[in-house]
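The values are calculated or read from the model by the stated rules, or taken from the named source; none is laboratory data. Please read all numbers here as calculations on a predicted model, not as lab measurements. All Cβ positions, even for glycine, are placed from backbone atoms using ideal geometry, and neighbour counts span all protein chains on display. Quick note on the areas: whole protein, heavy atoms, side chains included, nothing else; ligands and nucleic acids left out. Shrake-Rupley method; radii C 1.70, N 1.55, O 1.52, S 1.80 Å.
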Amino acid sequence: MAEKPDIKFMFEPRSVAVIGASSKQEKIGYKVLRNIVGGGFQGRIYPINPGGGMILDKVAFKSVDEIDDEIDLGIVSIPAKYTFDAVKECADKGVKYLAIITSGFSEVGKIKEEQEIVDYCAERGTRVIGPNIIGVYTSAVSLNATFGPRDVNTGNVAIITQSGALGIAMMGKTKVMNIGLSALVSCGNKADVDEAEMLEYLIDDDSTRAIMMYIEGVKNGDRLVPVLKRATRKKPVVVIKSGSSKRGAVAAASHTGSLAGSDAVFSDIMAQCGVIRAESIDEALRWCKYLASSSEPCGKNAVIITNGGGMGVLATDACEKYNVQLYDDLDVLKKAFAMSVPEFGSTKNPVDITGQATLDDYENALEAAAARDDIHSIICLGCETATMDAERLLVSLDKFNRKHGKVKPAVFSFFGGAMIENAISNLMTRGVPIFYDVYEAVGALGVLYEFSRTLHREPDDDNVTAESLGVDVPAIEEIIKKVRADNRLFLLSYESAALMSAAGIRMPQNAIAHNSEEAVRAAEQIGYPVVMKVVSKDIIHKSDAGGVALDLLNTKEVEDAYDAIMYNCKKYKSDALIEGVEIAEQVKPGTETIIGARIDHSFGPTVMFGLGGIYVEVMKDVAFRAFPLGRKEALAMISEIKSYPLLLGVRGEKRKDINLLVDAILKVGAILYSIKDISDIEINPLIAYDEGDGAIALDARILLKPQQ
Ligand code: COA
């Protein structure tokens, strides 16, 4: 395996070759070359075409071999069946990055053909972007090596998109929305270079102030997660993920060959990383535009200035939705706005300057808000009225934005007819953060606050290991060895109990009986009441088989239960091998939770916490995180489930032992992380008792990965 070239050669190439450059205007190979030349690329350009000659006034080479220069980036735009041969030539020549526009690889099932390309390149130190992409746009060297529009605004928003066609459309849309791009790259099938590597570059790229990602499916989430965490500590990352519905996931699979994964897992892990999740492309672009141009608010106090009560109420609702805090010091508000509000208006927040307000009144109120250090952000709204003059509106808002926009975040939204709509689109082109809808305006301010909170999040100590949590790893490895020797992919209940004990997670005391006398002896040792469960690897659903008996209070009940379990299980599956019956302590009631850890196919090791018991599937009140994580994040995970108040104690109940739940989450995650044989751990229910009284696991289901 040769050394990998620096990612900067992808974003700042000094020389570009277009394999498949064509003089036929309808060809993609023509459009790419036209955009490179027309876009003013600062480096050297080499068209490659078997016919040679001149293309777009550039000498075309018959092959990359003929070029007497180092090639940093090759753009491949020839049919799939010829691609491997062309790739070989490029890799042999030492081309550093190859952006393969060509479709027809893993997304249509040609996985082997795609892998062949990647393997050949990897051995020679060539990196592959794509295939199935639109190319690369990067403002650092004025390179538009895509077949999208030629004319792109340069600026501070970077876009990484898995879908190429959407990427092209976004190039056009950003122009219309007056958004400047620092880079737009598509990653397509992600055969080699993935979004995590592209993100690495953008984190440190000074011209990028906000990053938008369109994702269909995550391939190596365990690599993406740490990069996202690092990125959001520096600049906002807005993600839009498709394939969240069942049918959408199927569509994503056939588009870029992506497995969409669970949307709940994706959503929670993005929040863990501090990523802002948008629901539509339009929303994501609007947010990025605002985030890239706004300064961070110095505090949480927002003020709404409006000439219409209705709009003020809408904005108040929106503030709650987007977690924007309205300033509520009535004395200060009165002092600040008394001069701009008529008697029948209101200086409370929303500050209602009333329908008769002129633009002078707006200017006065805005200046009053800007002048106060304890007002940290402004939401300025307006309904079209007879006193509103579009020309003045343009001038006033533009002037205010120029004067204060860099220091005090503000958003504007005005509502009305053609005059207002024209003014809005005009102000947008001037870079004023104005929106057609109140919710859009408040949403933008809301994500600015969200980003600010991420920037100031206290770092979590995620260096937890199974050992540091007191888990006896060698003992667990010993258990797993025996399960493997028995050719099973699941642990029997006494093995799960032994594993829980090695992890320091309490389970009810238990013993295995092989006849009813042994059962009685065990019950007496443990103490009544007891529960009994069949032990058989042939019976997975013990209750269905009649293999479980609860609440047994004396010798007679234990004897009867033993006979009944044996009878029921034989009847349920006559050839089942029954190893005995487990007798266990019957535990006292508490709050039932569920804790799990599993290898997610997108993100690798993940943990889950939620309200447990038999209604887990129905309630779906669970939260997920990628592992590793620390105590703070585990606590955040617990506190975000809807049933959290139950753990805090309702109606005079005591707070539950949340610290112990945090421990249990970290332990199951750390076990899964360090013992590579395990694929799933699920403890359900884990009964939480009052603070200090701990918790007890009633059932633990542990699965192993199939052996390679
Ligand atoms: N080296 C250099 N040039 C070569 C070549 C090679 N090994 N083999 C062929 N060419 C030339 C061809 O002669 C042709 O030039 P010409 O127009 O002067 O004859 C040019 O490369 C293009 O080849 P052509 O066979 O005409 O292909 P095409 O342009 O019709 O299609 C793709 C090529 C890549 C565009 C097409 O296969 C494809 O994959 N399209 C989908 C692209 C896409 O949508 N990507 C994903 C975005 S979401």
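Would you be able to tell me the number of residues in the range 162-209 that are of a type in the set (Ser, Thr, Tyr), within 16 Å of the ligand (Cβ to nearest atom) and modelled with pLDDT of 95 or more?
So the count comes out to 0.
Looking at 136, 152, which one is more than 16 Å from the ligand (Cβ to nearest atom) and among the aliphatic types (A, V, I, L, M)? Write out each step before concluding.
Working: 136 fails: more than 16 Å from the ligand (Cβ to nearest atom).
Answer to the selection: 152.
Which condition breaks for residue 105 when tested against (1) within 8 Å of the ligand (Cβ to nearest atom); (2) surrounded by 13 or more Cβ atoms within 10 Å (Cβ to Cβ)?
Going through (1) within 8 Å of the ligand (Cβ to nearest atom); (2) surrounded by 13 or more Cβ atoms within 10 Å (Cβ to Cβ) one by one, residue 105 breaks only (1).
Could you run through the range 661-678 and say how many residues are among the hydroxyl-bearing types (Ser, Thr, Tyr) and under 16 Å from residue 625 (Cα atoms)?
The qualifying residues number 1.
Taking the conditions exactly as written (modelled with pLDDT under 95 and among the β-branched types (Val, Ile, Thr)), does residue 136 satisfy them or not?
On the way: modelled with pLDDT under 95: no; among the β-branched types (Val, Ile, Thr): yes.
In short, no.
What tally of residues in the range 592-616 results from selecting those that are outside any strand (DSSP E or B) and touching a helix residue (DSSP H, G or I) at 6+ places or on another chain (Cβ under 8 Å)?
2
Name the helices (runs of 4 or more DSSP H) wholly within the range 617-695 that hold at least 2 residues that are of a type in the set (S, T, N, Q) and not assigned by TED's automatic domain parsing to the domain that holds residue 273? I'd like the intermediate steps shown before the answer.
Working: elements: 631-639, 644-648, 658-674.
Answer list for the range 617-695: 658-674.
Suppose we keep only residues that are free of Cβ contacts under 8 Å to residues at least 40 places away in the same chain and farther than 16 Å from residue 411 by Cα within the range 321-333. Which one would you say is surrounded by the most Cβ atoms within 10 Å (Cβ to Cβ)?
Only one residue fits best here, namely 333.
Condition first: open to solvent by 10 Å² or more (accessible area, probe 1.4 Å) and either in a helix (DSSP H, G or I) or within 12 Å of the ligand (Cβ to nearest atom) (or both). Now tell me which residues in the range 116-133 satisfy that.
Hits for the range 116-133 are 116, 118, 119, 120, 122, 123, 124, 132.
Checking residue 158 against (1) more than 28 Å from residue 24 (Cα to Cα); (2) modelled with pLDDT of 95 or more; (3) away from the ligand (no atom under 16 Å from the Cβ); (4) surrounded by fewer than 23 Cβ atoms within 10 Å (Cβ to Cβ), only one condition comes out false. Which one?
(4)
Quick one: in the range 21-62, of everything that is touching a Pro at 6+ places or on another chain (Cβ under 9 Å) and aromatic (Phe, Trp, Tyr), which residue is least open to solvent (accessible area, probe 1.4 Å)?
41
Examine the range 32-42 for a residue that is touching a residue at least 12 places away in the same chain (Cβ under 8 Å), touching a Phe, Trp or Tyr at 6+ places or on another chain (Cβ under 8 Å) and within 8 Å of the ligand (Cβ to nearest atom), and state whether such a residue exists.
No.
Would you be able to say whether some residue in the range 52-74 is closer than 16 Å to residue 134 by Cβ and near the ligand (Cβ under 9 Å from one of its atoms)? Give the derivation first.
We begin by selecting, within the range 52-74, every residue closer than 16 Å to residue 134 by Cβ; these are 73-74.
From what's left, near the ligand (Cβ under 9 Å from one of its atoms): none.
No: zero hits.
I'm trying to understand the selection: among the residues of the range 1-31, which are of a type in the set (Asp, Glu) and within 10 Å of the ligand (Cβ to nearest atom)?
To start, the set of residues in the range 1-31 that are of a type in the set (Asp, Glu) comprises 3, 6, 12, 26.
Within the range 1-31, just 26 meets the criteria.
Do we find a residue being part of a helix (DSSP H, G or I), open to solvent by 10 Å² or more (accessible area, probe 1.4 Å) and of a type in the set (A, V, I, L, M) anywhere in the range 143-155?
There is no residue in the range 143-155 that is part of a helix (DSSP H, G or I), open to solvent by 10 Å² or more (accessible area, probe 1.4 Å) and of a type in the set (A, V, I, L, M).
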